[in-house]
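A.B. asks: Please read through the structure below; I'll follow up with questions.
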Amino acid sequence: MVMESSERDMERKIGILTAKGRTGADPQSSRCGERGTTLIEALIAVLVAMIGVFGLGSLIFEATVTNKNQGTEVTRATIYAQDKMEKLLSLDFNACTQASSSQPASCNTTNIGATGWTQGLLAGGTTGEQANGSYTVQDSCPASGTSVGYVDYLSPDGLQLPTGGPASSCSALTGATVGYVRMWQITDLPSTGGPAIKEVSVAVYSMLSVSTGTARPIVTLTSYLSNPY
């Protein structure tokens, strides 16, 4: 009886020690495994968050560019196109349809008084539109060509250049910061038996657009002018 009891006590103690041995050795390695899994999950979460932030930043940048190009710049270009159109439509029809050399200085709306720049309402000029639908902006003051007398330049604030008054040549624009280019075209429409009618088109290019490569916001207005006399 005593021996059996001792044996049972011994087996019980061995079982307890064995259980303690199993449960005492594993927790540390288990905790180490848990730490590794948590770190990996944290790194993945950070990576996903960074991707999301970069993606959101790209969307914000694109929205800012779109707002400037298609919002601010187009709005200003529309105002400047309307201003030029009103000036052209207000010119004296008879005086400003004479030969260039016979027109008064008031027929020149370009702010450049060089020879050949007083074209008034004579047919000519271009809006920059090409046959394939693209546009070519006259971004520098021309000494010759179809744009002479049919283009002017504005500062970023919308002031006609040169700001000191009418210039005797294009050289007065050297070094000036051009914010907008206005180009216009005047076309004599076929006679219908009534008064002479002219088609006047004004295009404004913004040189202040961002991240658009060679493309720039453009506004084009077209109106008609007839001989009131």
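What follows is calculated from the coordinates using simple rules that are stated; it is not laboratory data. Just so it is clear, the structure is predicted and the values come from calculations on it, not from any experiment. All Cβ positions, even for glycine, are placed from backbone atoms using ideal geometry, and neighbour counts span all protein chains on display.
A.B. asks: Just to be sure before I move on: is V178 in a loop (DSSP other than H, G, I, E, B), in contact (Cβ under 8 Å) with a residue 24 or more places away in the chain, surrounded by fewer than 20 Cβ atoms within 10 Å (Cβ to Cβ) and of a type in the set (A, V, I, L, M, F, W, C) in the structure I sent?
C.D. replies: Yes.
A.B. asks: Condition first: within 20 Å of T78 (Cβ to Cβ) and surrounded by 19 or more Cβ atoms within 10 Å (Cβ to Cβ). Now tell me which residues in the stretch 142-175 satisfy that.
C.D. replies: Hits for the stretch 142-175 are Y150, V151, D152, Y153, L154, Q160, L161.
A.B. asks: Also, I was wondering about something else. Here is a check on your reading of the model: is T187 over 21 Å from I79 (Cα atoms), assigned to a loop (DSSP other than H, G, I, E, B), in contact (Cβ under 8 Å) with a residue 12 or more places away in the chain and of a type in the set (S, T, N, Q)?
C.D. replies: no
A.B. asks: Sort through G145, G164, G158 and tell me the only one that's more than 20 Å from Y205 (Cβ to Cβ), part of a loop (DSSP other than H, G, I, E, B) and not hydrophobic (A, V, I, L, M, F, W, C).
C.D. replies: Only one candidate qualifies: G164.
A.B. asks: Among the residues of the stretch 92-136, how many are surrounded by 19 or more Cβ atoms within 10 Å (Cβ to Cβ) and either among the hydrophobic types (A, V, I, L, M, F, W, C) or not in a loop (DSSP other than H, G, I, E, B) (or both)?
C.D. replies: 9
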